[in-house]
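All remarks here apply to the structure that follows.
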Amino acid sequence: MDRGCNRREEASMARSGRPRPAPGPEPAHRGDERSRSPDPADERHRLFEAIVETVNDAVVVTDADLEPPGPRIVYVNPAYTRMTGYRPEEVIGRNPGFLQGPETDPATRARIRAALRRHEPVRAELLNYRKDGTPFWVEISIVPVRDAAGRVTHFASAQRETTGRRRMEEELRSATRRLQAVIHAWPLAVIALDPEARVQLWNPAAEQIFGWSADEVLGRRIPTVPEDRWHELMDEEIGVALAGGEVRRQETVRLRKDGTPIPVSISAAPIHDDDGRVVGIMTMLEDISERKQAQAALERLRRELELILNAAAEGIYGLDTEGRTTFANPAAARMVGRSPEELIGQLQHELIHHSRPDGSPYPAEECPIYAAYRDGEVHHAEDEVFWRKDGTSFPVEYTSTPIREDGRVTGAVVTFRDISERKRAEATQRFLLEASRRLSGSLDVETTLRQVADLVIPERADYVMVHLVDEQGEVRTAAAVHRDPEQSELVRRAGGALGAIARVLRSGEPELVPEVSDDWLRSACRDATQRPVLDALRTRSLMLVPLRAGERVIGAITFGVTGQRAGYTEHDLVVAEDFCGSAALALENARLYRGAQQASRIRDEVLRIVAHDLRNPLNTILLSAGVLGELLGLSSEGHPAEKRQLDMIRRSVHRADRLIQDLLDVARLEAGQLAVQPTPQPAAALVQEAVELHRALADEKRIRLEAELPDSIPQVAADRDRILQVFSNLIDNAIKFTPEGGRITVRAKPGVGEVVFSVQDTGSGIPEEQRARLFDPFWQARRARRAGAGLGLAIARGIVQAHGGRMEVESEVGKGTTMSFTVPTAERQRRAA
């Protein structure tokens, strides 16, 4: 059969939709088909046709022409149309390669062509394109078809679409890559083992944790377990997993490559094949060294915190958000009179904070302690009380601080301290300050004694006795007071009967009697006949404290409590000693003041005598000297010797009179009775007059005395005679201590609302250590012979201060002294009025 005949036959077969039978020998005779028996070849053909038409794989038959463009399609089954979208008539006569595109692998195409040329079967997987242009993968199996003579007449191919399979394979490969990436980056050691515990997977985290590289361990038994522990491992971990079980977060110890142990947490599970058989183990190990260290540190911290809480002097307890106690340290339990177990789980407010200091109910919703976990703020209080188990209370200072976890308030921690001692110390301090204030406010003995009783009764004593020692050493009961006035006379009688007072006065040491006993009363009583007086007071406790003024014991105070009051303690004695110190100072001051008043009265009497009785004879002497001068005719130029004697008498009388006047002025100053009568005075005139009054005395010592005044200076508000007295004292001193040839300058200059006067000399100066006493009465600097009574500067400063001015001194040894004082201007005085 020629090639053209073959192609016409194949075209006819394609149009019929049936495959042409494979070439074979022609029958010898043709006749009526109905008259001949069935041909087995025809039966095989029909069977082949039925199979090909119904299979799911595409079947393509081409001719065997390998000349370009290559074999042409002569048959396609329906599955081909479903797979490619092309109908038979659209593909018959075309090369099957028309389905291929630019993405089809050229190497695979070349491999197929080479196999066809060799007339060999070939299997390949190609990327083709459907009629709608969508790509799809097919797996192609091509075999040559031979005739009876062995010639290749056709190529038949079966094509199965593998797009879905390849997609699944790609997804599997992608998932595998992702899983590998996760295992590679996983911070936990991921290790896969076969049933013999040989390592099949060893990720970087395992390398980092254990120190072995993957190359060192793959295919080997897991190296992190000591040999002597393999049986345990097989039983506890590998054995469980091989049996199909799981191990979850089991903590154990493994070895690093360097032999050091490392704590790890292990989870293990079996690996199953498709048939469910265990073919290996997948384990994950976490290095829990840091967690173990943190747990150890936390445990150390817990123990340290427990030690701190147990050792703390402050009470510390915790609360949940319902107000129940979660923990309490021993100090907290001890202060409230309970055990820690009695506090845990209890509502704290109802247990120890239920009432206010006055005993009134304390609503829980007003409690600052609970407010800490309600508003998240720190609350502090120091004027409240906690209540003990026995029903007694004690003052506390507490701080309630909220506890936060992840930004949420989960409770509060309360720290508190018993401030009873502090409150008592504060009360004691207030008492002593009040005692000092009140006792120092009086210089009268009787008033001071009343203050002593008022201060200690009834807060610190039920009765008090004060015994004083006079200058002759006699002891008298100066005060005896009972909180019940009707018992005060009994206290006075007891003061005379209590012989212990004499013991304290002799020794100067206090005596504390916490509990008055019969034995003590027997020893403290002066004699047995006076015992009933002491018994009648029903004294429970006593303190006998001496009153000291310097090294002298000037008396004693006895404090007594009666009835059911608590006895005195060492603390009470310390407070009583401080109080008695203030009382002794007040009584001594009162005694000194009384003595000073008496001395002042004597001084005033002496000054009255001086002022009156001494001035009369002086006036008589002065008058007699004048009469004597007239009788002797001393007014003429003759009798110079007699005239000098009479002048000496007159000067002596004037000095004595000035001394008397100075004494009177000092007395007035000390009594605050020095009076001045300021009137407007020209400041320049006062300076000029003072200079002229002392000109003769300065000339006599060859001292240059001069005034320096500005062109304009305001008037001053001054008592003329008193200011001239100030100038006189200052200029007299300057003349006295300035050597011959020296200079004294008297100045005046305006200031702010005042005029500043000064007397400057070129004398010897005043040493710095003497300046502090310069204005003390009767004190004189030791820089020259003693002259006068040392009253001038004291009087001068008193006069200046009476004017509302001030006096100052500047001096340099060897160069001189400047004494300055101020007097208000008349204008300032007028505005002030």
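Computed values, structure above
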item	result
Subset tally (residues that are of a type in the set (Lys, Arg) and modelled with pLDDT of 85 or more) for the stretch 199-236	1
Residue match in the stretch 394-404 (condition: over 20 Å from Ala331 (Cβ atoms), within 22 Å of the chain's Cα centre (by Cα) and of a type outside the set (Lys, Arg))	yes
Where Glu299 falls short, out of the listed (1) at pLDDT 90 or above; (2) not in a strand (DSSP E or B)	(1)
Residue check, Arg109 over 26 Å from Arg165 (Cβ atoms), open to solvent by 30 Å² or more (accessible area, probe 1.4 Å) and not acidic (Asp, Glu)	no
Filter result for Ala114 (small (Gly, Ala, Ser) and either closer than 30 Å to Arg87 by Cβ or open to solvent by 30 Å² or more (accessible area, probe 1.4 Å) (or both))	no
Enumeration of residues in the stretch 303-333 that are open to solvent by 10 Å² or more (accessible area, probe 1.4 Å), in contact with a Pro (Cβ under 8 Å, 6 or more places away or on another chain) and either among the small types (Gly, Ala, Ser) or under 15 Å from Cys367 (Cβ atoms) (or both)	Ala328
The one condition in (1) touching a Pro at 6+ places or on another chain (Cβ under 6 Å); (2) closer than 25 Å to Arg483 by Cβ that Val409 fails to fulfil	(2)
The stretch 147-203: number of residues that are within 27 Å of Met83 (Cβ to Cβ) and outside any loop (DSSP other than H, G, I, E, B)	22
Residue in the stretch 432-439 that is of a type outside the set (Gly, Ala, Ser), in the same structural domain as Val456 (by the TED database), on the phi < 0 side of the Ramachandran plot and in contact with a Ser or Thr (Cβ under 6 Å, 6 or more places away or on another chain) present	yes
Every pair of residues 6+ apart whose Cβ atoms lie under 6 Å, when the first sits in the stretch 134-149 and is at negative phi while the second is open to solvent by 60 Å² or more (accessible area, probe 1.4 Å) and not in a strand (DSSP E or B)	Trp137/Arg166; Val143/Pro121; Pro144/His119
Residues that are open to solvent by 20 Å² or more (accessible area, probe 1.4 Å) and in contact with a Pro (Cβ under 6 Å, 6 or more places away or on another chain), drawn from the stretch 788-812	Gly804
Output for the stretch 525-554, where each listed residue is hydroxyl-bearing (Ser, Thr, Tyr) and without any contact (Cβ under 8 Å) to a residue 24 or more places away in the chain	Thr529, Thr539
Residues of the stretch 370-392 satisfying the condition of being assigned to a strand (DSSP E or B) and surrounded by 17 or more Cβ atoms within 10 Å (Cβ to Cβ)	His379, Glu384, Val385, Phe386, Trp387
Selection status of Arg522, in contact with a Cys (Cβ under 7 Å, 6 or more places away or on another chain) and either part of a helix (DSSP H, G or I) or free of Cβ contacts under 8 Å to residues at least 40 places away in the same chain (or both)	no
Every pair of residues 6+ apart whose Cβ atoms lie under 7 Å, when the first sits in the stretch 161-182 and is outside the structural domain of Thr84 (by the TED database) and modelled with pLDDT under 90 while the second is in a helix (DSSP H, G or I) and surrounded by 10 or more Cβ atoms within 10 Å (Cβ to Cβ)	none
Scope the stretch 354-380; condition under 30 Å from the mean Cα position of the chain (by Cα) and either of a type in the set (Ser, Thr, Tyr) or more than 25 Å from Arg408 (Cβ to Cβ) (or both); matching residues	Arg356, Pro357, Tyr370, Tyr373
Inter-residue pairs, beta-carbon under 6 Å, first over 21 Å from Leu724 (Cα atoms) and in the stretch 808-821, second part of a strand (DSSP E or B) and charged (D, E, K, R), 6+ apart	Gly816/Asp761
Check on Arg146, assigned by the TED database to the domain that holds Asn56, under 20 Å from Glu103 (Cα atoms) and at pLDDT 90 or above	no
Asp42 open to solvent by 20 Å² or more (accessible area, probe 1.4 Å), over 60 Å from the mean Cα position of the chain (by Cα) and in the same structural domain as Val138 (by the TED database)	no
Ala331, sole failed condition from (1) within 19 Å of Ile419 (Cβ to Cβ); (2) under 24 Å from the mean Cα position of the chain (by Cα); (3) assigned to a loop (DSSP other than H, G, I, E, B)	(3)
Leading residue by the ranking (farthest from Val279 (Cα to Cα)) among those in the stretch 204-221 that are assigned to a loop (DSSP other than H, G, I, E, B) and touching a residue at least 12 places away in the same chain (Cβ under 8 Å)	Gly211
Arg338 assigned to a loop (DSSP other than H, G, I, E, B) and either in contact (Cβ under 8 Å) with a residue 40 or more places away in the chain or not assigned by the TED database to the domain that holds Gly411 (or both)	yes
Of all residues in the stretch 398-451 being surrounded by fewer than 19 Cβ atoms within 10 Å (Cβ to Cβ) and of a type in the set (Asp, Glu), the one that is nearest to Leu585 (Cα to Cα)	Asp444
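Residues are listed down the side, and each one gets a yes or a no for (1) among the charged types (D, E, K, R); (2) open to solvent by less than 30 Å² (accessible area, probe 1.4 Å):
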{"site": "Val504", "(1), (2)": "no, yes"}
{"site": "Ser507", "(1), (2)": "no, no"}
{"site": "Arg526", "(1), (2)": "yes, no"}
{"site": "Leu534", "(1), (2)": "no, yes"}
{"site": "Arg538", "(1), (2)": "yes, no"}
{"site": "Gly550", "(1), (2)": "no, no"}
{"site": "Ile557", "(1), (2)": "no, yes"}
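The values are calculated or read from the model by the stated rules, or taken from the named source; none is laboratory data. Note that the structure is predicted; figures quoted are calculated from it, not measured. Cβ: placed from backbone, ideal geometry, glycine included. Neighbour counts: every protein chain shown. Each accessible area value is taken on the protein alone, full model and side chains, heavy atoms only, with ligands, DNA and RNA left out. Shrake-Rupley method; radii C 1.70, N 1.55, O 1.52, S 1.80 Å.
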